[in-house]
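Notes follow once the structure below has been shown.
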Amino acid sequence: MNGSIGVIGLGIMGSAISVSLLRAGFQVSGYDIEAARRRALTAAGGHARRSAGEVAAHCGVVLTSLPSSAALHEVVQALASHRRKQLVVVETSTLPLDDKQLARKRLLRAGAMMIDAPLSGTGGQARTRDLVVYASGPRSAYQRCTPIFEGFARAHYHLGEFGNGTRMKLVANLLVAIHNVAAAEAFTLARKAGLDAALVYKVVGDGAGESRMFKVRGPMMVSQDYSDATMKVGVWQKDMRIIAEFAEHLACPTPLFSASAPIYAAAMASGREREDTAAVCAVLGAMAGLAPPPARRARG
């Protein structure tokens with residue numbers, strides 16, 4: 001049996017990571033502010049804890065998967081207050097780098113280390129261990145975490161100094177934003193042309209036009225059912241803002257990314273914030289005058 005690993009934040013990503021680690025033979029201690037998520041961890045075979053500090057009491061390595069900078073600072077305060085020596089915190093969230101730097105310094109003062117390790121992949125990919133870890137920070141901490149990464153991801157990279165993980169993640173997410181809308185645009189054009197969407201997915205997916213977003217989100221665009229969200233439109237808005245601010249700070253033009261932003265905003269405005277980001281296909285379909293499918297209620 002492998003050692004005990006902590007996971008704080010048991011949402012779409014955190015819960016999937018926890019299940020993968022349990023299957024890999026790790027014990028998992030987890031915490032989330034939502035009781036239902038703690039109960040789900042217990043049902044999967046993990047140990048639900050009452051606080052972030054209690055997770056640190058049981059684990060030398062803690063993964064955090066959090067929705068906001070405010071949540072990160074609250075969790076880090078709890079972990080730092082516990083003052084467990086040689087604690088390694090693996091911060092997997094997509095958050096502004098300045099906030100991660102502040103969290104790292106707070107943990108250092110408490111004798112703990114942080115790795116900046118965002119993940120490439122959707123919640124659906126997390127369920128099948130199809131994630132890539134963009135790790136940055138102390139190499140010794142990275143090496144200590146390598147067996148853990150191999151328990152929930154198909155690949156992991158050490159990218160050098162702390163913060164390079166987030167920088168790489170924002171570059172990757174810029175492509176995700178563009179490719180997702182591009183896939184939706186392609187399906188919309190195909191439907192307007194009278195082509196069968198399922199056939200488009202099969203044939204285009206076998207040629208040069210295929211992308212990872214076309215492959216991953218294409219099935220939702222074919223079925224026009226976006227209720228089983230692997231990345232909710234509302235959560236994705238946070239990532240869009242971070243990418244835009246990152247590019248603006250570097251004075252780097254991002255015309256294609258900028259062109260995709262209004263499509264996601266329209267998805268929000270049309271009440272699709274709890275649906276998967278593949279719902280931009282519905283937005284483009286409405287713009288093209290295509291008849292919408294029967295309404296479905298988003299899960300979760």
For the range 195-219, enumerate the residues that are open to solvent by 30 Å² or more (accessible area, probe 1.4 Å), part of a helix (DSSP H, G or I) and either touching a residue at least 12 places away in the same chain (Cβ under 8 Å) or among the aromatic types (Phe, Trp, Tyr) (or both). 198, 201, 204, 212, 216, 219
From 29, 20, residue being open to solvent by less than 10 Å² (accessible area, probe 1.4 Å), of a type in the set (Ser, Thr, Tyr) and assigned to a strand (DSSP E or B): 29
The range 175-187, subset crowded, with 21+ Cβ neighbours inside 10 Å, within 22 Å of residue 94 (Cα to Cα) and aliphatic (A, V, I, L, M), residue farthest from the chain's Cα centre (by Cα): 181
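Okay, residues lined up against (1) open to solvent by less than 40 Å² (accessible area, probe 1.4 Å); (2) within 28 Å of residue 246 (Cβ to Cβ); (3) assigned to a helix (DSSP H, G or I):
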| site | (1), (2), (3) |
| --- | --- |
| 57 | no, no, yes |
| 63 | yes, yes, no |
| 66 | yes, yes, no |
| 75 | yes, yes, yes |
| 81 | no, no, yes |
| 84 | no, no, no |
| 101 | no, yes, yes |
| 107 | yes, yes, yes |
| 111 | yes, no, no |
If we keep only residues of the range 245-265 that are small (Gly, Ala, Ser) and in a helix (DSSP H, G or I), then the residue nearest to residue 279 (Cα to Cα) is 265
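For (1) modelled with pLDDT under 95; (2) among the small types (Gly, Ala, Ser); (3) within 24 Å of residue 119 (Cβ to Cβ); (4) surrounded by 12 or more Cβ atoms within 10 Å (Cβ to Cβ), each residue gets a yes or a no:
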| site | (1), (2), (3), (4) |
| --- | --- |
| 234 | no, yes, yes, yes |
| 240 | no, no, yes, yes |
| 254 | no, no, yes, yes |
| 268 | no, no, yes, yes |
| 273 | no, no, yes, yes |
| 279 | no, yes, yes, yes |
| 292 | yes, no, no, no |
Please state which one of 38, 23, 50, 104 is touching a strand residue (DSSP E or B) at 6+ places or on another chain (Cβ under 7 Å), over 24 Å from residue 138 (Cα atoms) and basic (Lys, Arg). 38
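Rundown of residues vs (1) of a type outside the set (Phe, Trp, Tyr); (2) open to solvent by 10 Å² or more (accessible area, probe 1.4 Å); (3) more than 16 Å from residue 92 (Cα to Cα), yes/no style:
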residue: 129; (1), (2), (3): yes, yes, no
residue: 134; (1), (2), (3): no, yes, no
residue: 140; (1), (2), (3): yes, yes, yes
residue: 159; (1), (2), (3): yes, yes, no
residue: 164; (1), (2), (3): yes, yes, no
Show the residue pairs that are 6+ apart or on different chains and have beta-carbon atoms under 7 Å apart, the first residue being within the range 37-61 and touching a residue at least 12 places away in the same chain (Cβ under 8 Å) and farther than 24 Å from residue 113 by Cβ, the second being of a type in the set (Asp, Glu) and outside any helix (DSSP H, G or I). 38/32
Given the conditions (1) touching a helix residue (DSSP H, G or I) at 6+ places or on another chain (Cβ under 6 Å); (2) surrounded by fewer than 17 Cβ atoms within 10 Å (Cβ to Cβ), which single one is not true for residue 150? (1)
Filter pass, residue 190 being in contact (Cβ under 8 Å) with a residue 24 or more places away in the chain, in a helix (DSSP H, G or I) and buried (at least 17 other Cβ atoms within 10 Å of the Cβ): no
If you go through 5, 33, 12, 17, the only one that is under 25 Å from residue 77 (Cα atoms), within 20 Å of the chain's Cα centre (by Cα) and without any contact (Cβ under 8 Å) to a residue 12 or more places away in the chain is 33
What are the pairs with Cβ atoms under 8 angstrom where one residue, in the range 226-240, is closer than 12 Å to residue 13 by Cα and polar (S, T, N, Q) and the other, located anywhere, is open to solvent by less than 30 Å² (accessible area, probe 1.4 Å) and part of a loop (DSSP other than H, G, I, E, B)? Sequence gap at least six, or different chains. 230/122
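The values are calculated or read from the model by the stated rules, or taken from the named source; none is laboratory data. The shown structure was predicted, so the numbers you read here are calculated from the model rather than taken from an experiment. Don't worry about glycine lacking a Cβ; one is built from the backbone with ideal geometry, like all the others, and counts go over all protein chains shown. The accessibility values were calculated without ligands, DNA or RNA, using every heavy atom of the protein model including side chains. Shrake-Rupley method; radii C 1.70, N 1.55, O 1.52, S 1.80 Å.
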